[in-house]
Amino acid sequence: MAIREIVKVGDEVLRTKAKEVTEFNDSLGVLIDDMFDTMFKADGVGLAAPQIGILRRVCVVSVDGMTRYELVNPVILKAKGIQRGAEGCLSCPGRSGIVARPKKMTVQAQDRFGETKLYKVEGYAACAFSHEIDHLDGILFIDKIEQEEE
Ligand code: ZN
């Protein structure tokens, strides 16, 4: 368990497309555990590997602090509806704004063991999944802000 340093906006790594995970080994498990630790320490609800400088398609989400989603190579299979809410990002301190996200999503992802799982999420969880999966393609929420908040 270790807290990793969170990369901030302006760093190229946040704008680079992350590569698929092909090896499901112990170091992937350590990475995922470290990502949860780092996210909880920073009071976040999600964290993507590029945010700690690692260009792999891995993200973690926990919107209630209890249910932990680990998403390796996530793919959005279905997205329905639109919801708008205020967002922030651990990599963009001091920025906040309204972003449109899918209301419901079906996401397929692997876990640390390479097992394929299917997640049906809605509301805040869908927003968090969408935000984190965007990070894997170098997209930040500030690209999508419709209305900046103070
Ligand atoms: Zn973010």
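The values are calculated or read from the model by the stated rules, or taken from the named source; none is laboratory data. Keep in mind that this is a model prediction, so the values were computed, not measured. Note that we place each Cβ from the backbone using ideal geometry, even for glycine, and neighbour counts take in every protein chain shown. Note: accessible area is taken over every heavy atom of the protein model, side chains too, but ligands, DNA and RNA are not part of it. Shrake-Rupley method; radii C 1.70, N 1.55, O 1.52, S 1.80 Å.
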Inset, instruction - Please calculate how many Å² of accessible area the stretch 12-148 carries per residue, with a 1.4 Å probe and no DNA, RNA or ligand atoms counted. - result: 49
Inset, instruction - Taking the dipole about the Cα centre of the chain, with the C-beta of Lys and Arg at +1 and of Asp and Glu at -1, give me whichever of Phe40, Val63, Val75 is farthest to the positive side. - result: Val75
Legend entry - Considering only the chain, percent of DSSP beta bridges that pair antiparallel, nearest 5: 95
Inset, instruction - Taking only Cα atoms and a 10 Å spring cutoff, compute GNM fluctuations for the chain and point out the largest among Leu55, Leu14, Leu28. - result: Leu28
Legend entry - Choice from Glu132, Glu12, Glu122 with maximal GNM fluctuation in the chain (Cα, 10 Å cutoff): Glu12
Inset, instruction - Mind telling me which of Ala86, Ala125, Ala109 comes out most flexible in a GNM of the chain, alpha-carbon contacts under 10 Å? - result: Ala86
Legend entry - Heavy-atom SASA rank of Thr38, Thr67 (probe 1.4 Å, accessible area, largest first): Thr67, Thr38
Inset, instruction - Give me the percent of the accessible area of the chain that comes from carbon and sulfur atoms, probe 1.4 Å, all protein chains in place. - result: 49
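Count charges around Ser91 for me, please; just the other residues with Cβ under 10 Å from its Cβ, Lys/Arg as +1, Asp/Glu as -1. Intermediate values should be presented prior to the final figure.
Numbers: positive: Lys8, Arg95; negative: Asp11.
Summing Lys and Arg as +1 and Asp and Glu as -1 gives +1.
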Inset, instruction - Determine the calculated [θ] at 222 nm for the chain from helices alone, applying -39500 (n - 2.57) to every DSSP H run no shorter than 4 residues and normalising by the residue count; nearest 500 deg cm²/dmol. - result: -6000 deg cm²/dmol
